[in-house]
Amino acid sequence: MTSYALEINSQKYNVEAEPDTPLLWILRDQLGLTGTKYGCGIAQCGACTVHISGQAVRACSFPVSGVQGPVTTVEGLGTPQLHPVQEAWVANDVPQCGYCQAGQIMSAAALLATNAQPSDADIDSAMAGNYCRCGTYPRIRKAIHDAAHILATSKANS
Amino acid sequence: MSKMMMNRRELLKVTAMVGGGAMFNLAIAQDGTADPDTIEDGVKSLNVFVQIEANGKIRIAASLPEMGQGVKTALPMIIAEELGARWEDVIVEQAPVDDAFGVQAAGGSWSIARNQDTMRRMGASAREMLISAAALHMEVEREDLRAVDSRVVHTSGRSRSFAELASLAVNQPVPDPETLQYKDPNNYTILGKKIPGVDNLAIVTGNADFGIDVTIPNMRYATYTKCPEIGGTAVSFNEAEIKNLPGVVDAFIVEPNNAAGNSNIPFFKEMAVLRGGVAIVAEDTWSAIAAKRRLRVKWDQAQASKDDWQDMIEWANGVAQAGGGELVKDNADIDAVLNDPNNKTVEGFYQFPYLAHVCMEPMNCVADYQPASGDVPAKLNLWMGSQFPGQAKEVAYNLLGVAPDDVEIKLMRLGGGFGRRGVHDFAAEAMMIAKQAGVPVKLTWTRPDDIHSDFYRVGGFQNMKGAVNGNGQLAAWDQHYIGFKTPTRDISGAGFFGNEFPLVAMDNARVSKSMKAIKTPCGAWRAPGSNSNAFVEQSFIHELAVLAGRDHLEFLLELLGDDRWIVEGNADIVNTGRARGVINLAAAEANWGKKLPAGTAQGLAFYFCHAAHVAEIAEVSVDSKRNFQVNKVTVAVDVGPIVNRSGALSQVEGSIVDGLSAMAGQKITMANGRIEQDNFHQYPVMRISATPEIDVHFIESDFPSTGLGEPALPPLAPAVTNAIFAATGERIRSMPLSDLGYNLT
């Protein structure tokens, strides 16, 4: 067991873990941050997507020993108020079962952080790592465009 | 609604169905199970579904499992509408698993069809009690009062809020259900609107309650490893090594138990058997998974499956050539018509693979077992997502001898169901591991466990022969289903329901089936049976239209014959008028027959299942390297009046994506009893880039509303393969398309 100092959602944590423990299980089992989901364990489905230093990564395949930089999970994304992506997700009634949506939202938020007006091709590329078995893709695409619009409007107003 | 108490229950028997067509009887709460007691300070209960808080909020119970099909929003909408509530005032709460809420099962697209009347009664009954209270409170005639926007309003304009009336309302007599009057749909303020899912905020902030997220005091984390050859049992394993691994607290063999699969409900019989294996119990999930990877088990494979997909294909080809089979529908003249030199004939051997459910949330269950102690009987608490949570009580009784009243089930949100979470094999494992370990456990399946231990969509074959006469009309339809059963019965989704169009509508048809017993567990997968039969039948109609040199749309409409119920009064069998309606609407909206560039074409399919009539037209582009793209799918649906327009559209959109995902590249294969796919790299789910434009149109006929979780899926595959034929001239008769070199882009 090794001790790791982590910054997650702007809070500092010290955790004890085997070095190869995926970040996912630290979040879920040790810290109780269960919004990040287990889907496949091999970075194929994206249900476990979180941000490390703003980059979307698959927490199921990212060892805790490799975490360098602040981590954001879905619980920390929209605080104190909802992130525009979350707002657009609710307004478009995107979720069906909802299990993959935290990962979808984290990928979408990472995309918009670097690309304020993504094209459909940009969305295809940025969201390619996230499965939705319920088939909410048409609404995910619409919600990302809407979130981009919300961001643009709020910037214009500030 | 967890604090609700039910103290007056009257139960009546209804017939319900789950999964794939099994009939059984269960109890449902009768109207007027009102509980006038105050549940907690300031909260008044008008019946088991409706409570009113002092602050004006209206709590409505959602009684059925929510797996993404939208019932947690749609069914409370029906109550709120009849109640006269303002939707903004409504708080929806998941009901406890309790007989007072009726059959708490989600499957078969029956949730709306079978619960809407009860929901209406509950809303209307509570409304009448509020109106009675207002009549007393305001000293006016009941007839001059109506409920609107969470208030009871008098013709004079005076009004009282539901919250003001609630204390008085709970003491009003429960109306006789026969006397209840229902709202005129023209006055609806909630039904038919686009209402977002009630759990959306929780989902997007990571706070939704899925089974896999549950933690209880003293809980340990378990994995379970079964024999890769299905049905093998564990003899021994590297116990000392496993128990010494970091975080591991226990590891042991679990013996198989077939009795766990006993059920009073035919659909579930033999299903939730406990398969033998090795449990690892650890301090956390990762330690249990890491240890599982180091596990070395000696298996006894004497009883294990030897099923082999390549052998099955060979067997089916032989059966198809031999012909025959058990007759489902006979016509003595078929051979003569097929052999008549004046007719043109076509024959096609169709094949569809096994499929896994791959719910995004792998199977899991938290179990807390307390053994009997003195006079106190054994108790079991379960937390899980389930499509039929109450059935787990049967499993608990079979396996542990715990009486149904001593089993408490906390139903969590389901991270996908699709038919998989009706069967409680995962709960059987969790409860037995908890018992043997002597601590509460959360069992989490890894994704490979989930793919290896499914109740698969059964694969199979159909050999089709048909003839058209000199006038280009269908003259003979000869259909031979070649598929699989358990030793004792047909598998759910194998063979025929007897409601398939076209065979129910045609006299000149012969239908037979040949079934072989297998050991691979199979079960309900979104639109069981229909999801493969539609591909075969609606493709073959197109084959016959092409043979006749006729337009597919015209040929299909001709097959329908006169507008009628095929069996008068039986809504489970196609109505040709409603079929014609959706087919014509889809054709009009898609501009059927429009000029398209080379390599791009439209394909049409209609299907009837789950009491729904659905027509779809796919526009598909194919290039010379067999890259194909579904540009657009136009869908026309008749399920009667729409309850939640947003939810209904979601179900259709999801069905299109799901259908495309499955046909493009999914298959489960068995080699010598072992499932050959382990994870998503070998069982791909469609990604966002391939999503077509989906254009949905509803015919809101006057027939009662029915469900949409499944029926938009079956027509998708034949619509796409018919389009590929139109674009390329190649007839697709087997799935998935990736096996034929096609690549969905």
Here are B:Pro714, B:Pro718: which of them is touching a residue at least 40 places away in the same chain (Cβ under 8 Å), more than 10 Å from chain A (Cβ to nearest Cβ), at negative phi and not in a helix (DSSP H, G or I)?
B:Pro714
For the stretch A:140-154, check the following and say yes or no: at least one residue is within 20 Å of B:Gly417 (Cα to Cα) and either more than 8 Å from chain B (Cβ to nearest Cβ) or surrounded by fewer than 23 Cβ atoms within 10 Å (Cβ to Cβ) (or both).
no
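Residues checked against (1) at pLDDT below 95; (2) closer than 23 Å to A:Asp93 by Cα:
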site: B:Leu26; (1), (2): yes, no
site: B:Phe49; (1), (2): no, no
site: B:Met67; (1), (2): no, yes
site: B:Gly70; (1), (2): no, yes
site: B:Ala74; (1), (2): no, yes
site: B:Ile79; (1), (2): no, yes
I need the full set of residues from the stretch B:59-98 which are under 17 Å from B:Leu191 (Cα atoms) and of a type in the set (Val, Ile, Thr), in order please.
B:Ile60, B:Val71, B:Thr73, B:Ile78, B:Ile79, B:Val90, B:Ile91, B:Val92
Inside the stretch B:450-471, can you point out the residues that are assigned to a strand (DSSP E or B) and either over 20 Å from the mean Cα position of the chain (by Cα) or among the β-branched types (Val, Ile, Thr) (or both)?
B:Gly460, B:Phe461, B:Gln462, B:Asn463, B:Met464, B:Lys465, B:Gly466, B:Ala467, B:Val468
The residue from B:Ala113, B:Ala126, B:Ala85 that alone is in a helix (DSSP H, G or I), more than 21 Å from the chain's Cα centre (by Cα) and not hydroxyl-bearing (Ser, Thr, Tyr) is B:Ala126
Select, from A:Ala121, A:Ala116, A:Ala110, the only residue that is within 12 Å of the chain's Cα centre (by Cα), more than 8 Å from every other protein chain (Cβ to nearest Cβ), at pLDDT 95 or above and surrounded by fewer than 23 Cβ atoms within 10 Å (Cβ to Cβ).
A:Ala110
Take the conditions without any contact (Cβ under 8 Å) to a residue 40 or more places away in the chain, touching a strand residue (DSSP E or B) at 6+ places or on another chain (Cβ under 9 Å) and surrounded by 20 or more Cβ atoms within 10 Å (Cβ to Cβ) and apply them to B:Ala475. Does it pass?
no
Inspect the stretch A:26-39 for any residue being acidic (Asp, Glu) and more than 28 Å from B:Asp658 (Cβ to Cβ) and give the result as yes or no.
yes
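Which residue out of B:Ser689, B:Ser655, B:Ser661, B:Ser646 is over 24 Å from B:Val720 (Cα atoms), touching a residue at least 12 places away in the same chain (Cβ under 8 Å) and within 11 Å of another protein chain (Cβ to nearest Cβ)?
B:Ser646
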Pair list, Cβ < 8 Å and 6+ apart or interchain, from the stretch B:541-565 residues that are free of Cβ contacts under 8 Å to residues at least 12 places away in the same chain to residues that are among the small types (Gly, Ala, Ser) and surrounded by fewer than 19 Cβ atoms within 10 Å (Cβ to Cβ):
B:Trp565/B:Ala571
Among residues belonging to the stretch B:377-425 that are of a type in the set (Asp, Glu) and either in a helix (DSSP H, G or I) or under 14 Å from the mean Cα position of the chain (by Cα) (or both), point out the one that is farthest from B:Glu255 (Cα to Cα).
B:Asp405
Which of the residues belonging to the stretch B:623-654 are over 30 Å from B:Asn186 (Cβ atoms), buried (at least 21 other Cβ atoms within 10 Å of the Cβ) and not hydrophobic (A, V, I, L, M, F, W, C)?
B:Gly654
Has the stretch B:434-441 got any residue that is away from chain A (no Cβ under 13 Å), at positive phi and not aromatic (Phe, Trp, Tyr)?
yes
Listed by first then second residue, the pairs whose first member lies in the stretch A:84-96 and is over 19 Å from B:Gln69 (Cβ atoms) and within 7 Å of chain B (Cβ to nearest Cβ), whose partner is at pLDDT 95 or above and buried (at least 23 other Cβ atoms within 10 Å of the Cβ), with beta carbons under 6 Å and at least 6 positions apart or on separate chains, are A:Gln86/B:Val204
Which residue out of A:Ile123, A:Ile140, A:Ile105 is under 20 Å from B:Lys194 (Cβ atoms) and not assigned by TED's automatic domain parsing to the domain that holds A:Gly41?
A:Ile140
Out of curiosity, is A:Tyr38 assigned to a strand (DSSP E or B) and of a type in the set (Phe, Trp, Tyr)?
no
Given (1) in contact (Cβ under 8 Å) with a residue 60 or more places away in the chain; (2) out of contact with any strand residue (DSSP E or B) (no Cβ under 7 Å at 6 or more places or on another chain), number of the condition B:Asp284 does not satisfy:
(2)
Determine whether the stretch A:41-49 contains at least one residue that is aliphatic (A, V, I, L, M) and surrounded by 24 or more Cβ atoms within 10 Å (Cβ to Cβ).
yes
Scan the stretch B:171-188 and give yes if some residue there is touching a strand residue (DSSP E or B) at 6+ places or on another chain (Cβ under 7 Å) and crowded, with 18+ Cβ neighbours inside 10 Å, otherwise no.
no
Return the residue satisfying two criteria in turn: it lies in the stretch B:687-733 and is among the polar types (S, T, N, Q) and modelled with pLDDT of 95 or more, and of such residues it is farthest from B:Glu537 (Cα to Cα).
B:Ser689
Which numbered condition in (1) surrounded by 20 or more Cβ atoms within 10 Å (Cβ to Cβ); (2) under 28 Å from the mean Cα position of the chain (by Cα); (3) more than 14 Å from chain A (Cβ to nearest Cβ) is the only one that B:Asn262 fails?
(1)
Just one of the numbered conditions (1) buried (at least 16 other Cβ atoms within 10 Å of the Cβ); (2) in a strand (DSSP E or B) is not true of B:Pro362; which one?
(2)
Would you check if B:Ile242 is more than 10 Å from chain A (Cβ to nearest Cβ), in a strand (DSSP E or B) and either farther than 30 Å from A:Ala91 by Cβ or in contact (Cβ under 8 Å) with a residue 40 or more places away in the chain (or both)?
no
Does B:Val720 fit the bill of being within 19 Å of the chain's Cα centre (by Cα) and buried (at least 21 other Cβ atoms within 10 Å of the Cβ)?
no
Based on what the data block shows, is B:Ala403 out of contact with any helix residue (DSSP H, G or I) (no Cβ under 8 Å at 6 or more places or on another chain), closer than 28 Å to B:Lys379 by Cβ, modelled with pLDDT of 95 or more and not basic (Lys, Arg)?
no
Output the number of residues of the stretch B:478-497 satisfying the condition of being surrounded by 24 or more Cβ atoms within 10 Å (Cβ to Cβ), of a type in the set (Val, Ile, Thr) and assigned to a loop (DSSP other than H, G, I, E, B).
1
Got a sec? Which of B:Asp368, B:Asp405 is surrounded by fewer than 23 Cβ atoms within 10 Å (Cβ to Cβ) and touching a strand residue (DSSP E or B) at 6+ places or on another chain (Cβ under 8 Å)?
B:Asp368
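The values are calculated or read from the model by the stated rules, or taken from the named source; none is laboratory data. Quick caveat, the model's predicted, so the values are computed rather than measured. Because the Cβ atoms are built from the backbone with ideal geometry, glycine has one as well, and the counts that use them run over all protein chains shown.
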